[in-house]
Each structure stands twice: as structure tokens, then as C-alpha cells.
1. Quick one: of the DSSP bridges fully inside the chain, what percent are antiparallel, nearest 5?
2. Using a simple spin-label model with points 7 Å from Cα along the Cα→Cβ vector, what separation in nm is obtained for ASP167 and LEU268?
3. For LYS428, go through the lysines and keep the ones whose alpha-carbon is under 26 Å away, minus same-chain ones fewer than eight residues off.
4. Between SER372 and GLU289, what FRET efficiency follows from the Cβ-Cβ distance if R0 is 22 Å, with the result rounded to 0.05?
5. Which one, ALA313, PRO344, GLN371, is farthest towards the positive end of the dipole of the stretch 276-397 when Lys and Arg carry +1 and Asp and Glu -1 on their Cβ?
6. Over the stretch 237-347, calculate the relative contact order: mean separation of alpha carbon pairs under 8 Å at least 6 apart, over the residue count, as a percent.
7. What is the extension gain from GLU247 to VAL296, computed as 0.36 nm multiplied by their sequence separation minus the C-alpha to C-alpha distance, in nm to one decimal?
8. How high is the relative contact order of the chain? Use alpha-carbon pairs under 8 Å, at least six apart in sequence, and give a whole percent.
Amino acid sequence: MLSLKEKDRPIVRKLLCAGCCVRCVLRFCCVGTCSAYRRSYEDIHKELLAFISEESSPQPHDASGEEKTDEPPNKRLRIDEGSTEASVTAAQTDSDICPVCLGVLQDFCDPTFAKQVSDAVKNQQYEFNSLVLTVSLPAQLSVREHSCWLHVKKEIREKSMCLGKEDVIQVKDAFKWAVQGKIGQELGAAVLANSSCEVSVGFMHPETEEDCHFLANTCPDCFKPTKNKASIFTRMAVVKALEKISEEKFSRHYPCPPKKTNTRCTALDTTCLHTSVFIAGRYNKFSRELPQTPWVIDGERRMDGSVEELIAAPLLSSFRADGFNFSSSGREDVDVRTLGNGRPFAVELLNPHRAKFNRTEIKQLQETINQSSDKIRVRDLQIVTREATSRMKEGEEEKTKTYSALIWTQKAIDSTDLEFLANIKDLKIAQKTPLRVLHRRPLAVRPRLIHSMSSIYLDGHHFTLKLCTQAGTYIKEFVHGDFGRTKPNLCDLMKTNADILELDVESVDIDWPPAIPD
């Protein structure tokens with residue numbers, strides 16, 4: 001049963017006479033039962049015809065012989081004269097394309113189309129246990145629905161019934177109710193309101209602009225060209241215009257009920273998209289000839305490989321992802337090693353076709369990365385949430401980093417010349433953007449802290465300097481001064497020219513991601 005009520009009878013008749021498909025009839029009768037839309041088109045049509053052919057049941061009489069009624073006489077609905085099953089059938093035969101949904105709820109709600117969608121998903125070789133079905137429709141369906149609503153609204157007013165446009169079931173919802181169960185069954189997956197795997201079904205119609213053009217003339221402020229949209233007639237723009245235009249003006253420019261068409265909607269290619277998977281860990285870099293990211297200057301690549309490529313390549317392959325975004329807690333120069341517990345990093349894997357990995361598989365993946373090169377090593381590899389990656393960047397400059405640097409001095413020194421460095425605590429320095437990074441960083445003066453320093457004397461012109469600094473401090477520039485752009489600097493403190501020969505990152509003091517026991 002379709003759960004139709006006596007008040008729906010004139011609406012059903014009016015819509016069928018206008019050539020509407022049976023599922024659109026159910027929508028305008030506000031039938032919100034999913035199972036009703038899953039029934040075959042023929043079954044629904046047959047039941048609707050039987051429903052409008054029924055005569056009103058005789059009303060009971062009271063003791064005086066008068067007919068009793070629970071409602072005022074003007075709310076009792078009867079079949080209009082001349083509205084017969086034959087006339088309804090004839091109206092639909094003349095044009096079998098629904099003037100409201102343009103065939104979406106006629107031609108694409110059967111098992112054949114559900115299998116077509118399912119086969120397209122299978123061909124893309126995604127692995128998932130659940131999916132969410134999304135639907136995109138031509139913008140003019142909103143125009144045609146508004147037209148049909150005004151057509152029905154006249155009947156509703158005459159019968160003094162209370163029914164709002166927002167009560168009408170959306171085409172998108174009716175379509176989902178009709179097919180998503182079949183698609184889920186074909187794919188062996190639950191269809192949910194939210195899922196990491198999205199299956200998108202879209203439709204197009206060649207007459208979209210023709211149907212919507214009058215709105216651009218009556219509500220021009222609603223339609224503005226955008227770079228990423230092929231047409232100004234987007235669904236949101238059309239809905240906005242329909243909210244602004246008066247019923248009287250709409251009716252002057254567009255027929256109610258909507259005009260019939262000889263062109264059906266066509267289905268676009270089914271697409272799948274899996275939400276990104278985020279992989280986090282910490283890496284060590286042991287080479288002084290390996291950039292963190294691909295090093296390209298004037299379109300020409302310098303040096304083979306990079307940290308991000310060595311990490312991402314096995315991840316892309318295993319997760320079968322379309323691409324990746326790499327981020328880390330700071331970055332080291334190409335000639336700087338990262339030692340100790342490593343630098344935190346995160347890789348966003350875009351549209352992965354496989355997303356479920358257990359701990360053993362992730363550990364094996366970590367070993368694959370480590371065995372691929374002796375230039376890097378990864379630890380604490382794990383799948384994290386998008387939200388968790390923000391912790392890597394939160395307070396990045398408030399965290400501390402420890403460095404070890406090999407220093408050369410122009411003036412000959414002995415061990416006593418270095419003793420004062422250990423007494424310096426929380427030295428405030430001002431660093432103007434270094435010349436070497438000015439091409440990619442905005443010009444600014446950044447205050448930084450050198451929390452502590454210590455030294456190991458090597459010979460008359462060399463010593464090892466250990467520093468604990470605020471994250472974001474340019475260590476090389478603190479040593480040589482960068483032509484006075486960093487003040488004070490080590491040259492100022494030692495009263496001699498100095499330069500940095502080698503630099504290592506000893507620790508990045510960010511407690512993320514969580515350590516994983518071996």
C-alpha cells in the first residue's frame with residue numbers, strides 16, 4: 001500500500017493528468033515511506049489508478065437522517081467530473097517523459113541502472129564496507145518542481161488543505177530510496193548517511209539553460225559567472241532566485257504545470273571518491289645531499305630523490321592512492337641531517353582505493369620504507385585522523401629544537417674562549433628573513449629565543465656548538481650573522497668571524513605522533 005489519504009486524491013489526479021511520473025506523484029503527496037519508491041513503476045501506476053477510481057465511501061447518517069461528517073463540507077474531496085482513469089492514462093501516453101523529474105525517477109530507479117552503477121564502482125577497484133550515495137541533478141528540476149508546486153497549490157487552496165512546499169519529498173531523496181538498497185546489495189556494502197567512501201551519480205539535461213534563462217533576467221543578482229563553473233545556472237543560484245521571485249511573476253514567465261519535453265535526462269559517469277587517509281610518523285635523515293621535498297630551480301630538478309618521495313612512494317602503492325600531500329614539523333636544509341628521535345611528519349593520501357590496514361601491515365609498510373634507502377629511516381608509522389595532524393602544527397614555534405653544529409672561527413681560540421657560552425640563557429635575537437630563503441618567505445623580522453648553548457672544543461679554529469632553541473630559529477644565520485640580518489649573532493658574541501660547517505638536528509621536541517613500542 002502507498003499510504004495515500006483521501007485528501008491526496010485530487011492531487012494524484014491533477015498530477016497524473018499533467019503527465020507527471022508516479023514517483024513524482026508520491027513526492028507531492030508527501031509519501032515518506034522508502035519502500036513505496038522501491039516498488040516497480042508498473043505497480044505504483046496501477047495502484048494510483050485504482051486509488052483515483054475509487055468512489056467516496058458513503059457517509060454515516062445521524063438520528064435525524066442528515067449525513068454526518070468529521071470535517072466541514074468544504075474539506076470533503078470528491079472525484080471531479082470527467083476525471084476518469086482513461087483520461088489520466090491518455091494524458092500520460094501523449095508524453096511519457098515526466099515534466100518534473102525529466103525521467104530521473106522513471107528511467108533510473110530499476111535494478112538495471114543499479115547494476116550499472118555497481119559495475120562502475122567495481123571497475124574502479126575500491127575496498128570498502130560502507131558507502132554514501134550522492135546525487136547531482138540538473139538545475140532546472142528546481143524550476144520545474146516550483147512550477148508543479150504552484151499548479152498543485154491552487155488545488156490545495158480550493159480544498160482548504162494545509163501543505164507546505166518543504167513537505168514535498170525531494171527528487172534526490174526519492175531516487176536514493178529507490179536505488180541505494182539495490183546498489184548496496186550488488187556491492188555487498190551498507191549504504192549509510194555518512195561514509196568514507198562516496199559513490200556519486202549525476203544527471204544532465206540539454207535544456208537546462210533554456211528552462212532557467214528567464215530567472216537570469218528577473219533575478220540577475222543571483223547569477224554571477226565563476227571561474228570554476230561552466231554555467232551560471234548552478235542549483236544553488238537557481239534555488240536562490242526561486243526564493244526571491246514572486247509567484248505571480250514566476251507564473252508570467254513560466255507555465256504551470258511545467259511544459260512537457262521530448263528530451264530525457266541522461267546519466268553521467270558514476271564516480272567514486274574515498275576520503276583522504278592520513279599517515280603520520282617520524283623520520284631521520286642521514287644524508288647531507290637529500291632535500292626534504294623535490295628541489296626544483298627554474299624548472300630544472302636538482303638532486304635525485306627527496307625525503308617526501310622516499311616515504312610517499314610505498315604508501316601510494318600500498319594504499320593505491322591518486323596522490324599525496326606531505327607536511328612536517330619544520331624542515332631541514334638539504335645539507336642538514338635529522339638525528340635523534342626524528343622529525344614528525346604526516347602524509348595525506350588522496351582518494352585511496354584501499355584504506356584498511358592492521359598494525360602488522362603498517363609495521364611491514366614501515367619496514368618497506370626503511371629498506372628502500374639508507375638515507376632515511378621512519379619510526380612510529382601509524383594511521384591518524386585529519387584532526388590529529390593539526391597537533392603537529394599547533395604551537396610549532398613554541399616548541400624547542402636541539403641542534404649540534406660544527407663551527408669554524410677566523411680567530412684562533414682555546415677552550416676558555418668558549419666557557420661564556422654555557423652561561424647564556426634565553427638569549428633574545430631578531431632575525432630578518434635570511435637572504436637564502438627570501439625568494440619563498442615574506443620579508444619580516446622574527447624574534448626568536450636561544451634557550452641554552454654549550455660547546456666542545458676541538459682545535460684552535462673549530463668547536464662543536466650545541467643549541468636548544470625556539471622552533472623556527474635559523475641556526476646558520478645565528479652563527480654567521482647573515483650580513484647583520486640576525487642580531488645578536490655568534491660572531492658578535494665571540495668577536496670574530498665564524499661560520500657553520502655542518503649542522504645536525506638532534507631533536508624536535510613535539511610529543512606527536514604517539515610512540516609505538518617495538
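1. The answer is about 85 percent antiparallel.
2. A separation of 3.4 nm, rounded to one decimal place.
3. Once the sequence-local lysines are set aside, what remains near LYS428 is LYS393, LYS399, LYS401, LYS411, LYS466, LYS476, LYS487, LYS495.
4. 0.85
5. Working it through, the farthest residue towards the positive pole turns out to be GLN371.
6. Averaging sequence separation for qualifying contacts and normalising by length gives 32 percent for the stretch 237-347.
7. Answer, rounded to one decimal: 11.6 nm.
8. Over the chain, the number comes to 13 percent.
The values are calculated or read from the model by the stated rules, or taken from the named source; none is laboratory data. Values in this document were obtained by computation on a predicted structure and should not be read as measured data. Quick reminder, even Gly has a Cβ in these numbers, built from the backbone with ideal geometry, and neighbours come from all protein chains shown. In case anyone asks, the SASA skips ligands and DNA or RNA and just uses the protein heavy atoms, side chains included. Shrake-Rupley method; radii C 1.70, N 1.55, O 1.52, S 1.80 Å.
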